[in-house]
Amino acid sequence: MTRFDTLIKNGRIITAADSYDADIGIKDGRIVALGQGLEGADEVIDAQGLWVMPGGIDAHCHLDQPLGDGAVMADDFLTGTRSAACGGTTTVIPFAAQQKGQSLRAAVEDYHRRSEGKALVDYAFHMIVTDPTETVLKEELPALIQEGYSSFKIYLTYDDLKLNDREVLEVLAMARREGGMVMVHAENADCIAYLTELLESQGKTAPYFHSEAHSAIAEREATHRAISLAELIDVPILIVHVSGPEAIEQIRWAQGRGLRVYGETCPQYLMLTAEDLDQEGFEGAKCVCSPPPRDPKAQEAVWQALENGVFQVFSSDHAPFRYDDPQGKKLHGEDAAFHHVPNGIPGLETRLAILFSEGVVKQRIDATRFVALTATNPAKIYGLYPRKGTIAIGSDADLTLWDSEAKMTVRNEALHHAVDYTPYEGLELTGRPMLTLCRGRVVSRGGEPMVDAGHGRFLKCDKPQPARPRGSAKGF
Ligand code: URP
Ligand code: ZN
Ligand code: ZN
């Protein structure tokens, strides 16, 4: 009879499909047995009263990303993955970003140097394509997709990142030929530039006005355009960090027509509004991110899209900048106009607990949908399934044991990122990840790290073969 390295006994297993009571036998970092009354292990973990879920996959976070404008991200692979582990996440997918004029392969190699030996949990790379030259499209990307970097993000805004429509079409055509997954940051650059200039000419430069410059209409237009370009090429795309009903409507419309258009949203669009940018002094800069959080009606629309299957993925978009720091939010000083404030907010460690508390405990989504959004669907969409994202024989033993009744109050001093604030300070939550295992090894216990840098391994991603979104004929 197999002797297990670890046995997790008496827990309630929850996957994207089922929930049932069973023990889990782990050997060499993988799940080798699921059953009742399993015996014989070096270590036994009693999960009585706990929910055993797949470890979270944070499929959109930014760690140690070179930026080129003097701003520096607060989290590298060590602090970022430590924070992830303590929040119940066992795989992160940050971005190897190409600078304009740089080879994409050089960006990937640089990102390997930045991550080597530092991670506590497993990690894969998306790429960011900012300069789709012929070499990038015909040589680098096809080879990189084959080698396990099968997804990449493109931007329709930000001067140093954005692609024009012709470039987007070329990138999408390459993705269709080679089988890559394209993530789109959908905001209309010219609308934002026009509104920014107008607001500035009226002296409206405080952080709050970021939310007016990044209008929901600009997000809707770019979302519709991305969908149309993808339809023209006949290739799947995923619209990232969707903030409200305008963009949701476009995605739902596309899904209803049978298009493979996927959607992602993030905690900030459930928990924050534009009012959070309207604070004393420069404090609103803490919540400057793009697209910006909107209003309570938008929050409600985002909840509905999580419930009804328009969204497949729930990520943090952790983009960590320290507040009180000349390389962070105060890069251009405390009086800087909103468009000079580095965009992004932290959220790796709080992502799961927020959706669990606000979604599962408050009965907006059930626990299986929580698992689908936070682990199974991202694993499928980005080519990591079934190794990651589920509890099944042969899958990596990436597991998070939840106490569904434990109370916690979010305090930045208790988080493990290197950012000097959390936008969720004081938020009271129900449900806590008590123990997290990555490939069978306990990486956090009671919200504290239990493993050293270097446990996390790089993951090659297969070419994604996701089901059609739920709005289409069949799928998630
Ligand atoms: O404001 C944000 N979202 N910053 C991170 C970069 C991005 O566009 O996702
Ligand atoms: Zn983005
Ligand atoms: Zn992002």
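The values are calculated or read from the model by the stated rules, or taken from the named source; none is laboratory data. Quantities reported herein were computed from a predicted structural model and do not represent experimental measurements. Glycine also receives a Cβ, built like all others from the backbone with ideal geometry; neighbour counts cover every protein chain displayed. These accessible areas exclude ligands, DNA and RNA; they are computed on the full protein's heavy atoms, side chains included. Shrake-Rupley method; radii C 1.70, N 1.55, O 1.52, S 1.80 Å.
Quick grid of which residues meet (1) basic (K, R); (2) open to solvent by 30 Å² or more (accessible area, probe 1.4 Å); (3) over 21 Å from A124 (Cβ atoms):
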| position | (1), (2), (3) |
| --- | --- |
| R387 | yes, yes, no |
| I391 | no, no, no |
| G394 | no, yes, no |
| L399 | no, no, no |
| A406 | no, no, yes |
| G440 | no, no, no |
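Every residue in the range 48-59 that is part of a loop (DSSP other than H, G, I, E, B) and more than 24 Å from S151 (Cβ to Cβ), please.
Hits for the range 48-59 are Q48, G49, L50.
Could you grab me the full set of residues in the range 191-221 that are within 24 Å of the chain's Cα centre (by Cα) and open to solvent by 40 Å² or more (accessible area, probe 1.4 Å)?
Those that are within 24 Å of the chain's Cα centre (by Cα) and open to solvent by 40 Å² or more (accessible area, probe 1.4 Å): I217, R220, E221.
Is there a residue being in contact with a Cys (Cβ under 8 Å, 6 or more places away or on another chain) and among the β-branched types (V, I, T) anywhere in the range 437-455?
The answer is yes; a qualifying residue exists.
Of the conditions (1) on the phi < 0 side of the Ramachandran plot; (2) within 15 Å of ligand 1 (Cβ to nearest atom), G344 clears all except one; give me its number.
Among (1) on the phi < 0 side of the Ramachandran plot; (2) within 15 Å of ligand 1 (Cβ to nearest atom), G344 violates only (1).
Table: residues versus (1) within 16 Å of ligand 2 (Cβ to nearest atom); (2) touching a Gly at 6+ places or on another chain (Cβ under 6 Å); (3) of a type in the set (K, R); (4) farther than 23 Å from A375 by Cα.
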position: R257; (1), (2), (3), (4): no, no, yes, yes
position: P267; (1), (2), (3), (4): yes, yes, no, no
position: L277; (1), (2), (3), (4): no, yes, no, yes
position: G281; (1), (2), (3), (4): no, no, no, yes
position: V288; (1), (2), (3), (4): yes, no, no, yes
position: P292; (1), (2), (3), (4): yes, no, no, yes
position: A298; (1), (2), (3), (4): no, yes, no, yes
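Looking at (1) closer than 26 Å to Y269 by Cα; (2) modelled with pLDDT of 95 or more; (3) open to solvent by 30 Å² or more (accessible area, probe 1.4 Å), find the lone condition where R470 falls short.
That leaves (2) as the condition not met.
Of everything in the range 1-31, what is closer than 21 Å to G456 by Cα and surrounded by fewer than 19 Cβ atoms within 10 Å (Cβ to Cβ)? Give them in sequence order.
If the condition is that a residue be closer than 21 Å to G456 by Cα and surrounded by fewer than 19 Cβ atoms within 10 Å (Cβ to Cβ), then D5, K27, D28, G29, R30 are the ones that fit.
Check every one of the strands (runs of 3 or more DSSP E) wholly within the range 1-47 and list those with 2 or more residues that are closer than 23 Å to A379 by Cα.
4-14, 19-27, 30-35
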